[in-house]
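> Structure below; questions to follow.
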Amino acid sequence: MMRVKKSITLAIIFSVFLSGCILNFSNNSGSDSPSSTQNLYIENKGSDTIVNMALAWAETYQELYPEIRISVTGGGSGTGIAALINDTVDIANASRQIKQKEIENAAENDVIPVEFIIARDAIAIIVNQDNPVNQLSIQQISDIFSGKITNWSQIGGDDRPIVKLSRETNSGTHVYFLEEVIRQGDKEDATLFSQDTLLLPSSEGIITEVRDNPNAIGYDGLGYITDEVKVIAVAVTQGDDYIIPSVASVNNNLYPIARNLYMYTNGEPAAHVREYLDWILSQDGQQIVQELGFVPILDN
Amino acid sequence: MSGYSAIFFVMMILIFLIGQGLPALGQVEFSSLFSERWYPIEEYYGILPLIGGSIIVTIGATIIAVPLGLGSAVFISEVAPRWAREILKPMVELLAGLPSVVLGFIGIVSLSPLVREYLNLPTGLSALTGSMLLGAIAVPTIVSVAEDALDSVPREYRNAALALGATEWQTIWTVTLPAARSGVLTAVMLGIARTIGETMTVMMVTGNAAVMPDGISALFSPIRTMTATIAAEMGEVAEGSSHYHVLFLIGIILFLISLVINVTASSVIFKKTNRTEKILS
């Protein structure tokens with residue numbers, strides 16, 4: 001099983017690598033001959049929320065510095081951090097902060113995670129375009145996902161059952177949503193997702209189902225939201241201002257469901273990894289963050 | 001030699017599964033393991049809804065695939081003219097080569113909205129959608145094996161039946177099918193084994209909600225299967241954690257289920273032919 005897992009990972013890395021090569025060909029940037037300076041390799045893995053951004057960074061960075069090879073894979077924040085603990089990646093992407101238990105696990109393997117905040121993200125609550133509901137409070141969203149509200153008519157919508165969509169439990173977005181929205185940040189609260197919540201394996205799956213199904217409600221990172229779904233305005237408590245998530249409203253700390261996105265390295269990163277992280281945090285790197293619908297961190 | 005190596009590999013897999021899965025019984029309490037709540041990140045390890053989910057999807061797929069598969073096999077072997085047979089059989093076998101992720105994608109994009117609209121369900125990501133796609137996966141296996149079995153029934157049986165005045169329909173139902181029953185049962189068993197082990201398609205279209213199925217109505221709501229759970233969660237678990245061992249325990253249960261199916265199938269095959277058949281042959 002382990003060997004199978006490894007070979008699958010290898011295959012994925014290989015295919016990412018291969019597609020990178022093909023891209024290089026089509027860009028006619030054949031400047032790097034095989035015999036040039038030795039290639040430096042950065043392996044980057046983790047959060048599916050970050051994966052598109054990480055790919056965009058990697059592609060741009062490799063164009064700037066052809067001697068660097070960066071392979072990017074997704075799989076979820078837990079997957080990335082697990083890989084960091086096993087010391088099989090250079091950089092782990094995570095859409096949540098590392099847990100105390102994971103730091104302890106890492107210490108057992110002589111791995112010391114070092115944290116970098118690389119962007120911010122807002123979680124948008126989405127419904128079908130035909131749904132008349134426009135705004136919800138955090139309490140209402142919590143009640144929907146924990147199963148206390150089961151029909152749209154209870155919150156001013158049509159008489160339709162509510163179908164709740166979530167990411168799988170290995171997603172950082174799932175854990176963040178559970179802790180900050182369903183439990184509203186209360187660590188003592190043991191409320192769970194209602195058992196009939198659909199756990200979909202990908203962000204795209206959630207968007208597709210919300211687009212097609214007028215009963216559905218889901219959540220997803222702001223970067224994944226398309227025009228085909230309706231974004232709900234959210235207020236902390238009923239009666240407050242209802243805020244639509246956007247780069248401006250997140251940067252002004254108005255939108256309540258926003259979070260930091262992280263990269264973790266094992267100890268102080270090697271020089272070439274350090275340079276890559278510095279570039280990500282530079283204006284050029286953060287420009288890509290903005291282009292992909294996430295929130296850049298320059299202002300802080 | 002290669003036959004023995006197959007046994008060797010199966011034994012190795014079994015030993016590995018048991019080694020990784022049995023510690024779960026020590027780490028997780030029995031009452032928790034057989035509860036109805038699966039939410040591993042908060043240490044709820046109730047596997048009953050997962051077993052139920054797998055069973056519901058498999059039953060649904062069997063109901064769809066067996067009549068369809070056997071019907072096609074009978075048609076191809078007994079009714080269709082030779083030229084049609086030459087085209088149909090390779091076509092059906094080609095269907096078996098369709099990657100399950102492609103079927104899953106078709107399921108999400110076109111089948112699940114159809115299921116939701118026509119049956120007026122809250123969502124189309126349900127056990128039924130999964131069953132329909134799994135049925136499509138099982139049909140080629142069933143057709144291929146059952147057709148071979150029907151084909152190997154001696155010509156004389158049919159001629160004798162027809163000579164006694166039986167219609168073609170009566171010949172198929174009362175002579176050919178019963179004579180080929182061991183092969184036909186193998187076909188059905190292999191088809192079921194194929195559906196219970198299928199992962200990608202069910203993960204994409206069944207909604208993966210770990211709800212305990214209550215009777216046949218569960219076919220119309222989302223469920224979570226054992227295979228989808230292993231596939232979705234194995235990537236993130238820390239090695240050696242209770243969650244990790246429970247996932248392997250689920251693997252053992254899956255292994256046992258397909259073992260039972262296979263043993264049943266082979267016991268049918270090796271059953272002695274009855275007296276009438278001996279006299280006839």
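Here's the yes/no breakdown for (1) touching a Lys or Arg at 6+ places or on another chain (Cβ under 8 Å); (2) of a type in the set (Phe, Trp, Tyr):
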site: B:Glu36; (1), (2): no, no
site: B:Tyr45; (1), (2): no, yes
site: B:Ile51; (1), (2): no, no
site: B:Ile55; (1), (2): no, no
site: B:Gly60; (1), (2): no, no
site: B:Pro67; (1), (2): no, no
site: B:Gly71; (1), (2): no, no
site: B:Ile76; (1), (2): yes, no
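> Inside region B:1-38, can you point out the residues that are of a type in the set (Ser, Thr, Tyr) and either over 26 Å from the mean Cα position of the chain (by Cα) or surrounded by fewer than 16 Cβ atoms within 10 Å (Cβ to Cβ) (or both)?
Going through region B:1-38, the residues of a type in the set (Ser, Thr, Tyr) turn out to be B:2, B:4-5, B:31-32, B:35.
Within region B:1-38, B:Ser2, B:Tyr4, B:Ser5, B:Ser31, B:Ser32 meet the criteria.
> Another one. Working only within region B:214-228, note down all residues that are surrounded by 18 or more Cβ atoms within 10 Å (Cβ to Cβ) and either among the aliphatic types (A, V, I, L, M) or within 17 Å of the chain's Cα centre (by Cα) (or both).
B:Ala218, B:Leu219, B:Ile223, B:Arg224, B:Thr225, B:Met226, B:Thr227, B:Ala228
> Another question, then. Filter region A:201-211 down to residues that are more than 7 Å from every other protein chain (Cβ to nearest Cβ) and at pLDDT below 90 and give me whichever is farthest from B:Ile47 (Cα to Cα).
Taking region A:201-211 and keeping what is more than 7 Å from every other protein chain (Cβ to nearest Cβ), we get A:202-204, A:206-207, A:210-211.
Those left that are additionally at pLDDT below 90: A:202-204.
Numbers: A:Ser202: 23, A:Ser203: 26, A:Glu204: 28 Å.
Out of the qualifying residues, it is A:Glu204.
> Does any residue of region A:151-174 turn out to be closer than 28 Å to A:Ile297 by Cβ, within 14 Å of another protein chain (Cβ to nearest Cβ), in contact with a Lys or Arg (Cβ under 6 Å, 6 or more places away or on another chain) and free of Cβ contacts under 8 Å to residues at least 60 places away in the same chain? If you could, list the steps in order and put the result at the bottom.
Taking region A:151-174 first, the residues closer than 28 Å to A:Ile297 by Cβ are A:166-174.
Those left that are additionally within 14 Å of another protein chain (Cβ to nearest Cβ): A:166-174.
Now narrow it down to the ones that are in contact with a Lys or Arg (Cβ under 6 Å, 6 or more places away or on another chain): A:172-174.
Imposing the further condition that a residue be free of Cβ contacts under 8 Å to residues at least 60 places away in the same chain reduces the set to A:174.
Yes: one or more hits.
> Then there's this: Give me the helices (runs of 4 or more DSSP H) completely within region B:118-174, filtered to those with at least 3 residues that are within 24 Å of the chain's Cα centre (by Cα), ordered by residue number.
Values: elements: B:127-151, B:155-163, B:168-171.
Fully inside region B:118-174 and qualifying: B:127-151.
> I'm trying to understand the selection: among the residues of region A:87-103, which are surrounded by fewer than 22 Cβ atoms within 10 Å (Cβ to Cβ), more than 11 Å from every other protein chain (Cβ to nearest Cβ) and closer than 16 Å to B:Val237 by Cα?
A:Asp87, A:Thr88, A:Ile98, A:Gln100, A:Ile103
> Just wondering, is there one or more residues in region A:145-159 that are small (Gly, Ala, Ser) and touching a helix residue (DSSP H, G or I) at 6+ places or on another chain (Cβ under 7 Å)?
yes
> Can B:Pro90 be described as free of Cβ contacts under 8 Å to residues at least 24 places away in the same chain and not charged (D, E, K, R)?
Answer is yes for this residue.
> For region B:189-247, how many residues are within 11 Å of another protein chain (Cβ to nearest Cβ), touching a Gly at 6+ places or on another chain (Cβ under 7 Å), more than 13 Å from B:Leu125 (Cα to Cα) and part of a helix (DSSP H, G or I)?
Count: 2.
> Could you tell me whether region B:90-99 includes any residue that is crowded, with 19+ Cβ neighbours inside 10 Å and on the phi < 0 side of the Ramachandran plot?
Scanning region B:90-99, I find at least one residue that is crowded, with 19+ Cβ neighbours inside 10 Å and on the phi < 0 side of the Ramachandran plot, so the answer is yes.
> Still on this structure, I have one more. Tally time: how many residues in region A:183-215 are of a type in the set (A, V, I, L, M, F, W, C), within 26 Å of A:Met53 (Cβ to Cβ) and in contact with a helix residue (DSSP H, G or I) (Cβ under 7 Å, 6 or more places away or on another chain)?
Result for region A:183-215: 2.
> Could you list all residues from region B:1-16 that are touching a residue at least 24 places away in the same chain (Cβ under 8 Å) and either more than 11 Å from every other protein chain (Cβ to nearest Cβ) or in contact with a Leu (Cβ under 9 Å, 6 or more places away or on another chain) (or both)?
If the condition is that a residue be touching a residue at least 24 places away in the same chain (Cβ under 8 Å) and either more than 11 Å from every other protein chain (Cβ to nearest Cβ) or in contact with a Leu (Cβ under 9 Å, 6 or more places away or on another chain) (or both), then B:Leu14 is the only one that fits.
> Here's a check for you: in region A:181-195, which residue that is surrounded by 15 or more Cβ atoms within 10 Å (Cβ to Cβ) and not hydrophobic (A, V, I, L, M, F, W, C) is farthest from A:Ile123 (Cα to Cα)?
A:Gln195
> Okay, moving on. Could you tell me whether B:Leu68 is farther than 24 Å from B:Val202 by Cβ and surrounded by fewer than 21 Cβ atoms within 10 Å (Cβ to Cβ)?
Answer is no for this residue.
> Of all residues in region B:22-56, which are under 19 Å from B:Ser241 (Cα atoms), away from every other protein chain (no Cβ under 11 Å) and assigned to a helix (DSSP H, G or I)?
The answer is B:Pro23, B:Ala24, B:Leu25, B:Gly26, B:Gln27, B:Phe30, B:Ser31, B:Ser32, B:Leu33.
> Sticking with this structure for a sec: Quick check on region A:68-84: of everything there that is at the interface with chain B (Cβ under 10 Å from one of its Cβ atoms), in contact with a strand residue (DSSP E or B) (Cβ under 8 Å, 6 or more places away or on another chain) and of a type in the set (A, V, I, L, M, F, W, C), which residue is surrounded by the fewest Cβ atoms within 10 Å (Cβ to Cβ)?
A:Ala83
> Hey, among A:Ile123, A:Ile85, A:Ile68, A:Ile112, which residue is aliphatic (A, V, I, L, M), free of Cβ contacts under 8 Å to residues at least 60 places away in the same chain and closer than 25 Å to A:Ile280 by Cα?
On the way: A:Ile123 fails: free of Cβ contacts under 8 Å to residues at least 60 places away in the same chain; A:Ile68 fails: free of Cβ contacts under 8 Å to residues at least 60 places away in the same chain; A:Ile112 fails: free of Cβ contacts under 8 Å to residues at least 60 places away in the same chain.
A:Ile85 is the lone residue from the list that is aliphatic (A, V, I, L, M), free of Cβ contacts under 8 Å to residues at least 60 places away in the same chain and closer than 25 Å to A:Ile280 by Cα.
> Something else about it: Select from region A:183-200 the residues that are touching a Phe, Trp or Tyr at 6+ places or on another chain (Cβ under 7 Å) and at the interface with chain B (Cβ under 7 Å from one of its Cβ atoms) and write down the one among them that is farthest from B:Arg224 (Cα to Cα).
In this case the residue turns out to be A:Leu192.
> May I pose another question? Pick out, from region A:43-132, the helices (runs of 4 or more DSSP H) lying fully within it that include 1 or more residues that are of a type in the set (D, E, K, R) and not assigned by TED's automatic domain parsing to the domain that holds A:Glu228.
Filter on region A:43-132 gives A:48-64, A:100-108.
The values are calculated or read from the model by the stated rules, or taken from the named source; none is laboratory data. All of these numbers come straight from a predicted model, not from anything done at the bench. All Cβ positions, glycine included, derive from the backbone under ideal geometry; neighbour counts span all protein chains shown.
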